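The values are calculated or read from the model by the stated rules, or taken from the named source; none is laboratory data. Predicted model only: the values in this text are computed from it and were never measured. Heads up, the Cβs are rebuilt from the backbone with ideal geometry, glycines too, and the neighbour counts pull from every protein chain shown.
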Amino acid sequence: MKRFALLASIAVVVVGLAVLATFAPRPAGAARPYEGETIRAVVNAEYVKYSLSLVEKDVYDKLGIKIETEVIPADAFVAKTLLEFNSGSSPWDLVMFGPSNMPDYGRHFEPLEPWIAKLKLDFGVDDIVPVFAKVMLRYQGKLVSMPYDGDIHIMYWNKVAFERADNKKKFKAKYAYDLQPPKTWKQWDDAAEFFHGWGWDGSDRKLFGAGASYKPSGSGYSYHWWRSRFFSYGGQYFDKDMKPLINTAAAVRALDEMVRTMPYYPPGVLLFESEEPKTLLVKGDIPLLYTWTSAGKRVGNPAESVIVGKAGFGLVPGAEIDGKVVHRPAITPGRGMAVSKYSKKKEATMKVLEFISLPDQSLKIVMDAKTIMDPWRVSHLRSPIFRKAFPDADKYLDAIEASFPYLVPDPVIPAADEYQRKLSFEITEALAKRKSAKDALDIAAKEWDKITERRGLEKQRAAWGEKLAEMKSLGIEYHPDWAAKAK
Amino acid sequence: MAIAIERPRIAARRVKRYRVHRALGHVLTYLGLFAALVFFLGPFFWIVTTSLKGNEDFFAFPPVWIPAEPSLAHYVALFTRSSGARYFTNSLVISSLSMVAALVVSLPTAYSIARWRFGGGFLSTLLLVLRMLPAIALIIPIYIMYKMLGLTNSYLGLVIIYTVLYIPFAVWLLVGFLRDFPVEIEEAAMIDGCSRLRALVQVVVPIIAPGMAVVALFAFIATWNEFLFAIVLTGIETKTMMVLVTSFTTGGTDMFYGEASASVVLGVLPAFAVAFMLQRYLVKGLALGGTKG
């Protein structure tokens, strides 16, 4: 009897403990509604994979979802991902893409609005920088993606070069106006010429006049560098009938100036991608660079930068038209994240997309210098933590914000990637002096015609018509007379 | 008399001049070799040292040629954060299997062509024509076919395609070696009771082993370095080392110079190691193939 009582007591205790274990409040870390789910993301570089790794732990702690990230090299990314999508399936749930390719990707993305209603998601769309909200999120009017990287160009300068009294004196004697961070392309080219080949920092080193990325790779570096000039001289991609305008007077003038000033740039500039000129800037070897906003975080990193606290940040130069400077910095091209229409884990992926887009989570990504992701929320720009992240971070973020009203998007129509590759290649051909600027741009225009013909003139014209209206609403129009009168 | 005295002097002077010229020739040869060595191995040396440097040394001026405190941190990051171990293993498995498959399929094909002119010259020409087709022209149809057969993102799919792609080259090489092999030895083995298969495996193969080593080496290196099919036909489970290298080295190497360099080092080392191991056979094999008129 005693033995039975003992066994019964033990049984009661065990059952009690089991009940307690089942119904007791679980520690916060265990409240993971999608525990056991793994989603697949696809991105185009290791540093993008790294950026996701910054939030992976929080995603798991909050949602119980693991992210497995596949990297497809940038040059093959568009072809490979579209090949998968066009075959009617995709191994990925979360897809990174270049917003300029939205017309090719959009139909493979899951619209977000039904899921916002169903899962009560909050993507904080009101907090997205308006120009990005306008050009990066929608396909055929439907919200399909969230920004991930707010790529734009701003200008950086080394204050040492511009503030040394000796430099100012010499510059004024040569150019008959005061040395200052350039506001126009004329001033930029003068400064590049002036600073090239001597120790403008007071040393006896032979330093360079300015920096740039002119490699004609898939991302179209030389094309991005060219189009800021081109648009400020009144250029536009196509007219309303899809006739390319990339070989007009504005286009030729922009490219001619770039070719003429090539000697003031570092040797190897034709092979430079994004990071080489940034490195020259932070090492104090170039006084001027306009490039991606991510460079600011390297400028402010004392572990590698010799210009911490000595750098200026501002708008990419423009052209003086009728006494007013017209700036046209480029959206270059940014990154978006979307949920694949073919995903079998749409709900979990929607939750992940919402989570990584939250202001605090996305801030972690855009603040980390190694991700080279750039701010895209208004709250990123106003974040007190970001504004104090390094000396003059507030000025850097203000320069980004000041650029937003003037930004020029890519030609966001089907085959955008093809158009850009062809043009970028020809621009670099001219920069390498293998063709004249006019010849190179004429060839590029013919290539653009071929792409349009192949894709269907009517279809392309309809898509471009929408973008033309969108660009007009941003204040960007074709001005054939500007090329002649721009100063 | 004077002439008799002069002759040894002239001869000595000539010998001296010859020695000077020879020494000068050696110096110039070694200088040329050294310059070539620096030209070809310099970049690789820089990549190796960069993979062992700390982040602060990448752009240091004056350049840091050899890091004071070499670190394997970038290799660790490559294997942990960038799934380097998975890609490395994939490359190793796919390259090894493709190499073996190419040999297994090519040897009997080459043997039948060499001994019996199987296909009457048409087969060998057809094989060569297959080799002439650029891979880029085949990639879309192959992708569609693979998608329908469920072969994308699988070891089997990649091994099949690499084997098929490599067979023409392997067959042509092996046909040369087999035609050079004296048929009398093979016949003697068969008179002694060997079947043809046994004669091939136990008599012919050991003798043409250097030739097979050449085929194996080229198959391994070609597969290891292949990029186009690897990028299109693979998924996250089967990506190869070359895809990883390229994901670091295109689109801006950005802030990951260390990992990028480590990936390049790991990307070339296995092919280098296999070449080194088979070097002895490689030289013999090339010499053997070289006797073919």
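Listed values, structure above:
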quantity: Region A:34-55 - residue that is crowded, with 20+ Cβ neighbours inside 10 Å, of a type in the set (Val, Ile, Thr) and out of contact with any Pro (no Cβ under 9 Å at 6 or more places or on another chain) and, of those, modelled with the lowest pLDDT; calculated: A:VAL48
quantity: Every residue from region A:39-55 that is of a type outside the set (Lys, Arg), closer than 23 Å to A:TYR342 by Cβ and assigned to a helix (DSSP H, G or I); calculated: A:VAL48, A:LEU52
quantity: Residues of region B:18-56 satisfying the condition of being closer than 18 Å to B:SER263 by Cβ, within 14 Å of chain A (Cβ to nearest Cβ) and over 25 Å from the mean Cα position of the chain (by Cα); calculated: B:LYS53, B:GLY54, B:ASN55
quantity: Test: residue in region B:237-248 that is within 23 Å of A:ILE67 (Cα to Cα), part of a loop (DSSP other than H, G, I, E, B) and either within 8 Å of chain A (Cβ to nearest Cβ) or among the hydrophobic types (A, V, I, L, M, F, W, C) (or both); calculated: yes
quantity: Which numbered condition B:THR223 fails, given (1) within 14 Å of chain A (Cβ to nearest Cβ); (2) modelled with pLDDT of 90 or more; (3) assigned to a helix (DSSP H, G or I); calculated: (1)
quantity: Hits in region A:74-114 - residues which are in a helix (DSSP H, G or I), buried (at least 16 other Cβ atoms within 10 Å of the Cβ) and acidic (Asp, Glu); calculated: A:ASP75, A:GLU84, A:ASP104
quantity: Hits in region A:175-196 (condition: free of Cβ contacts under 8 Å to residues at least 40 places away in the same chain and under 22 Å from A:MET155 (Cβ atoms)); calculated: A:TYR175, A:TYR177, A:ASP178, A:LEU179, A:GLN180, A:ASP190, A:PHE194
quantity: Some residue of region B:150-167 being closer than 20 Å to B:VAL105 by Cα, of a type in the set (Phe, Trp, Tyr) and modelled with pLDDT of 90 or more; calculated: yes
quantity: Region A:226-248, residues that are within 20 Å of A:VAL326 (Cα to Cα), part of a loop (DSSP other than H, G, I, E, B) and touching a Lys or Arg at 6+ places or on another chain (Cβ under 7 Å); calculated: A:TYR233
quantity: Those residues of region B:223-245 which are surrounded by fewer than 19 Cβ atoms within 10 Å (Cβ to Cβ) and out of contact with any Lys or Arg (no Cβ under 9 Å at 6 or more places or on another chain), in sequence order; calculated: B:ASN225, B:PHE227, B:LEU228
quantity: Among (1) within 14 Å of chain B (Cβ to nearest Cβ); (2) in contact with a helix residue (DSSP H, G or I) (Cβ under 7 Å, 6 or more places away or on another chain) - the single one A:LEU271 does not satisfy; calculated: (2)
quantity: Helices (runs of 4 or more DSSP H) fully within region A:307-393 counting 3 or more residues that are out of contact with any Pro (no Cβ under 8 Å at 6 or more places or on another chain); calculated: A:346-357, A:359-367, A:384-387
quantity: Total residues in region A:131-162, condition part of a helix (DSSP H, G or I) and at pLDDT 95 or above; calculated: 4
quantity: Failed item in (1) surrounded by 24 or more Cβ atoms within 10 Å (Cβ to Cβ); (2) farther than 22 Å from B:SER247 by Cβ, with A:ILE128 passing the rest; calculated: (1)
quantity: From the options A:ALA393, A:ALA416, A:ALA440, residue that is buried (at least 23 other Cβ atoms within 10 Å of the Cβ), in contact with a helix residue (DSSP H, G or I) (Cβ under 7 Å, 6 or more places away or on another chain) and farther than 20 Å from A:MET146 by Cα; calculated: A:ALA440
quantity: Total residues in region B:133-158, condition in contact (Cβ under 8 Å) with a residue 24 or more places away in the chain and in a helix (DSSP H, G or I); calculated: 9
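Here's the yes/no breakdown for (1) within 30 Å of A:TRP92 (Cα to Cα); (2) buried (at least 17 other Cβ atoms within 10 Å of the Cβ); (3) among the acidic types (Asp, Glu); (4) modelled with pLDDT of 90 or more:
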site	(1), (2), (3), (4)
B:PHE61	no, no, no, no
B:PHE79	yes, yes, no, no
B:LEU92	yes, no, no, yes
B:SER98	yes, yes, no, yes
B:PHE122	no, no, no, no
B:ILE139	yes, yes, no, no
B:ILE142	yes, yes, no, yes
B:TYR146	yes, yes, no, yes
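Okay, residues lined up against (1) within 16 Å of B:ALA260 (Cα to Cα); (2) of a type in the set (D, E, K, R); (3) at the interface with another protein chain (Cβ under 7 Å from one of its Cβ atoms):
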{"residue": "A:ASN44", "(1), (2), (3)": "yes, no, yes"}
{"residue": "A:TYR47", "(1), (2), (3)": "yes, no, yes"}
{"residue": "A:SER51", "(1), (2), (3)": "no, no, no"}
{"residue": "A:LEU63", "(1), (2), (3)": "no, no, no"}
{"residue": "A:LYS66", "(1), (2), (3)": "no, yes, no"}
{"residue": "A:THR69", "(1), (2), (3)": "no, no, no"}
{"residue": "A:PRO73", "(1), (2), (3)": "yes, no, yes"}
{"residue": "A:VAL78", "(1), (2), (3)": "no, no, no"}
{"residue": "A:PHE85", "(1), (2), (3)": "no, no, no"}
